[in-house]
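K.L.:
Once you've had a glance at the structure underneath, I'll fire off some questions.
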Amino acid sequence: MIASSRAAVLRPTTLDPSVWPVALSALRALGFDAVDVPLVWREHDRDGEVDLGGPRDLSKFLDLVAAEGLRAIVRLGPTCADDAPAMGVPDRLLRDLGVCARTRRGNPVVTLDGLRVMPVPSFGSARWREASAAW
């Protein structure tokens, strides 16, 4: 029989690192036994390099999760959190015309992102596949 878990989503980049232990303790007190950790690409991308340090220190966060007796479910993906700005895609890719999805007439496909219009990336473009593979 597979044991079930009660997991809560917690994006560490949305909190000050000093609050991480408090948030994890609160989740444990509420009866959760796992933390769903989406790694949003745009929050960890620094000009094409992955940044997991400072306030984005994944290792430190996972150590705190373990110290609290919780399990971590880390979700890595270009679009792993529906509340992330710009679908979680780094601005450098959104500005790249080779990544932009196109209509049959060749016009860029755009969508609303909060109060701004953003181009929709084409998940089939070679540049997208190259960048997301590196991520």
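The values are calculated or read from the model by the stated rules, or taken from the named source; none is laboratory data. Predicted, not measured: the structure shown is a model, and the values here were computed from it. Cβ: placed from backbone, ideal geometry, glycine included. Neighbour counts: every protein chain shown. Only protein heavy atoms, including side chains, enter the accessible area calculation; ligands, DNA and RNA are left aside. Shrake-Rupley method; radii C 1.70, N 1.55, O 1.52, S 1.80 Å.
K.L.:
Taking the Cα centre of the chain as origin, sum charge times position over the Cβ atoms of Lys and Arg (+1) and Asp and Glu (-1), and report the length of that vector in debye to the nearest 20.
P.N.:
For this selection, approximately 580 debye.
K.L.:
With viscosity set to 1.567 mPa s at 4 °C, what whole-number translational diffusion coefficient in µm²/s follows for the chain from Stokes-Einstein and a Kirkwood radius over Cα pairs? The partial results should precede the final answer.
P.N.:
Values: Rh = 16.5 Å.
Rounded, D is 78 µm²/s.
K.L.:
Using only the alpha-carbon atoms, what does the stretch 1-53 span along each of its principal axes? Please give whole angstrom values in decreasing order.
P.N.:
Its Cα atoms span 43, 30, 12 Å along the three principal axes.
K.L.:
To continue, here is another question. List the residues, sorted by chain then number, that are 5 or more residues from L70 or on another chain and whose placed amide H is less than 5 Å from its amide H.
P.N.:
none
K.L.:
From the phi of every residue in the stretch 11-18, what ³J(HN,Hα) in whole Hz does the Karplus formula 6.51 cos²θ - 1.76 cosθ + 1.60 yield, where θ is phi - 60° and glycine or proline is x?
P.N.:
Here the 3J(HN,Hα) series is 8, x, 6, 8, 10, 5, x, 5 Hz.
K.L.:
The stretch 81-135: which trypsin sites (Lys or Arg not before Pro) are DSSP loop and have at most 11 other beta-carbon atoms within 10 angstrom? Let's see the in-between values first.
P.N.:
On the way: sites: R92, R95, R102, R104, R105, R116, R127, R129; in loops: R95, R104, R105.
Passing sites in the stretch 81-135 are R95, R104, R105.
K.L.:
What distance in nm separates the two pseudo spin-label positions at L30 and R129, each 7 Å out from Cα along the beta-carbon direction?
P.N.:
For L30 paired with R129, the spin-label model returns 4.1 nm.
K.L.:
Computing the accessible area with a 1.4 Å probe over protein heavy atoms, can you report the carbon and sulfur percentage for the stretch 7-135? Provide the component values of the computation, followed by the final result.
P.N.:
Details: 3990 of 7340 Å².
About 54 percent, which is the carbon plus sulfur part of the accessible surface.
K.L.:
For the chain, what does the accessible surface come to per residue with a 1.4 Å probe? Please give it in Å². Don't skip to the answer; put the middle values down first.
P.N.:
Details: 8100 Å² over 135 residues.
Roughly 60 Å² per residue, with all protein chains present.
K.L.:
Still on this structure, I have one more. Could you work out the relative contact order of the chain, using alpha carbon pairs under 8 angstrom and six or more residues apart, expressed as a whole percent?
P.N.:
Details: 183 pairs, mean separation 28.1, N = 135.
The normalised contact order for the chain reaches 21 percent.
K.L.:
Here's something else I'd like to know. Using the charge dipole of the stretch 13-67 (Lys, Arg: +1 at Cβ; Asp, Glu: -1 at Cβ; taken about the Cα centre), state which of L39, L15, P55 has its Cα farthest towards the positive end.
P.N.:
Of the options given, the answer is L15.
K.L.:
In nm, what is the difference between 0.36 nm times the number of residues separating D113 and S5 and their Cα-Cα distance? Before the final figure, lay out the partial values.
P.N.:
Working: separation 108, 0.36 × 108 = 38.88 nm, distance 3.27 nm.
Stretched fully, the D113-S5 segment lengthens by 35.6 nm.
K.L.:
Now for a different question. Using the Karplus equation 6.51 cos²θ - 1.76 cosθ + 1.60 (θ = phi - 60°), what ³J(HN,Hα) coupling, rounded to whole Hz, does each residue of the stretch 96-104 give in order, writing x for Gly and Pro?
P.N.:
For the stretch 96-104, the Karplus curve yields 7, 5, x, 9, 5, 5, 10, 7, 4 Hz.
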